[in-house]
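Data block below; observations after.
Only the coordinates and a few stated rules stand behind these numbers; no lab work does. Just so we're clear, the structure is a prediction, and the values are computed from it rather than from any experiment. Please note: Cβ atoms are built from the backbone with ideal geometry, for glycine as well, and neighbour counts cover all protein chains shown.
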Amino acid sequence: VFGDAYRRGHQRVVGFVDGRDLDVVVPACPDWTALDLLRHLAGDADDVVARRLDGLASEEWTQAQLDRRSGMDADAVLEEWAGNVDAVADALDGIDAMGLPDSIPAAWGRTTPDALPATLISDLLHHEFDLRNAYGDRNGRDLMDLHFSAGGHVRSIRGAFQARDLPTIRVESTDAGMGWDVGYGDPVATLRAPSFALMRGIGGRRTRSEMVAMGWDGDPEPFVDSMVLPHLAMRETSLRE
């Protein structure tokens, strides 16, 4: 399942960037051009294959990916990435066979290897839509893989709710027909939005005011500041996507 999602994401990104100017700045990652973003994605793949996972998703880990590819043009970056896709897909579907340690230092603290597949798929999805946003493209928002990623994002904020002793809320995807409780009691508020909006919001691609303006039944104010992945932050300016 994870491997197929990774292959699909790779194919979509490669198809999308074909023939485009890759010097375009990516607003969601303003220090990067589109080519830099591709260098990161190729670096993700290479790091998985090489089991180079200490610091997973941290700024230092990501910067090292770009530094190693600073002299590579787009053709070389895409060739490297393509050469690793099958090995990455196989690894994501067989994470137990990789011989990884019981825990890995990541941007949000130590994590277990079984978090790697969902982390890599969600990173690929977010960066696909970061690219689309950079070129003003609004397609692909009904992808099946978005539903999976949205659910994973919702589950990832449960720790923040528990740490802050927040009441339970309900989060529902309006286009997937799925919902998740964040907490263990009766929900005191409900957020309803498409999977794309949920993933992008919890994934740090929305401003606080945009998060507040989503489809809430109940007061969002006690909860909204805890509704972003633990290693990310809400945006200060809108991506207008």
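Could you work out how much longer the chain between V14 and S103 gets when fully extended? Use 0.36 nm per residue separation minus the Cα distance between them, nm to one decimal.
Once the chain is fully extended between V14 and S103, it gains 28.8 nm.
Expected output is a single nm value to one decimal: the length gained when fully extending between R208 and D225, i.e. 0.36 nm times separation in residues minus the C-alpha distance. What is it?
Going from the current span to full extension adds 5.4 nm.
Connecting C-alpha atoms closer than 10 Å in a GNM of the chain, tell me which of R170, R192, R51 has the biggest fluctuation.
R51
How far is the Cα center of the range 1-72 from the Cα center of the range 156-211, in Å?
Spelled out, the Cα-based centre of one part sits 27 Å from the other.
Multiply the residue gap between A64 and E79 by 0.36 nm, knock off their C-alpha separation, and tell me the result in nm, one decimal place.
Stretched out fully, the A64 to E79 stretch lengthens by 3.5 nm.
Give me the Debye-computed log₁₀ of I(q)/I(0) at q = 0.21 Å⁻¹ for the range 51-167, equal point scatterers on Cα only, no solvent, two decimals.
Per q value, in the given order, log10 I(q)/I(0) is -1.51.
Could you list log10 I(q)/I(0) for the range 155-241 at q = 0.21 Å⁻¹, which the Debye formula gives when each Cα is one point scatterer?
Listed by q, the Debye log ratios stand at -1.00.
Treating only the Cβ of Lys, Arg, Asp and Glu as charged (+1, +1, -1, -1), what charge dipole size does the chain show about its Cα centre? Round to the nearest 20 debye.
Here the size comes out at about 520 debye.
Which stretch or stretches of the range 213-241 have amide N atoms under 12 Å from the point lying 7 Å from A163's Cα along the Cα→Cβ direction?
226-232
If you put +1 on each Lys and Arg Cβ and -1 on each Asp and Glu Cβ, how big is the dipole of the range 60-121 around its Cα centre, in Debye rounded to 20?
280
For a quick size check, give me the Cα extents of the range 1-95 along its three principal axes, largest first, whole Å.
36, 29, 23
Tell me the Rg and the Dmax, in Å, that the Cα atoms of the chain produce.
Final numbers for Rg and Dmax: 17.7, 54 Å.
Please work out the FRET efficiency for the pair V24 and A233, using the Cβ-Cβ distance as r and a Förster radius of 25 Å; give the result to the nearest 0.05.
Calculated transfer efficiency: 0.60.
Points 7 angstrom from Cα along the Cβ direction at D86 and T33: gap in nanometres?
3.2
As an exercise, take the mean of 1/r over every pair of distinct alpha carbons in the range 193-233, invert it, and state the Kirkwood radius in angstroms.
10.3
Output needed: percent of Cα pairs per 5 Å distance bin for the range 128-176, bins running from 0 to the one holding the longest distance.
Pair shares across the bins are 4, 16, 20, 18, 16, 12, 10, 4, 0.
Could you tell me which residue out of A76, A50, G136 lies farthest along the dipole of the range 39-161 toward its positive end? Charges go on the beta carbon: Lys and Arg +1, Asp and Glu -1, centred on the Cα centre.
Value computed over the given set: G136.
Hey, what does the equivalent ellipsoid look like for the range 170-218, semi-axes from the Cα gyration tensor as sqrt of 5 times each eigenvalue, largest first, whole Å?
The equivalent ellipsoid of the range 170-218 has semi-axes of 17, 13, 10 Å.
Rounded to the nearest 500, what is the chain's calculated 222 nm mean residue ellipticity when only DSSP H runs of at least 4 contribute -39500 (n - 2.57) each, over all residues?
When only DSSP H runs of four or more count, the value is -14500 deg cm²/dmol.
Express the Stokes-Einstein translational diffusion coefficient of the range 101-184 in µm² s⁻¹, to the nearest whole number, given a Kirkwood radius over alpha-carbon pairs, 4 °C and a viscosity of 1.567 mPa s.
My calculation gives 88 µm²/s for D.
Residue-wise, which Karplus ³J(HN,Hα) couplings in Hz belong to the range 184-194, taking 6.51 cos²θ - 1.76 cosθ + 1.60, θ = phi - 60°, and x for glycine or proline?
Values per residue, Gly and Pro as x: 10, x, 6, x, 9, 7, 9, 10, 10, 6, x Hz.
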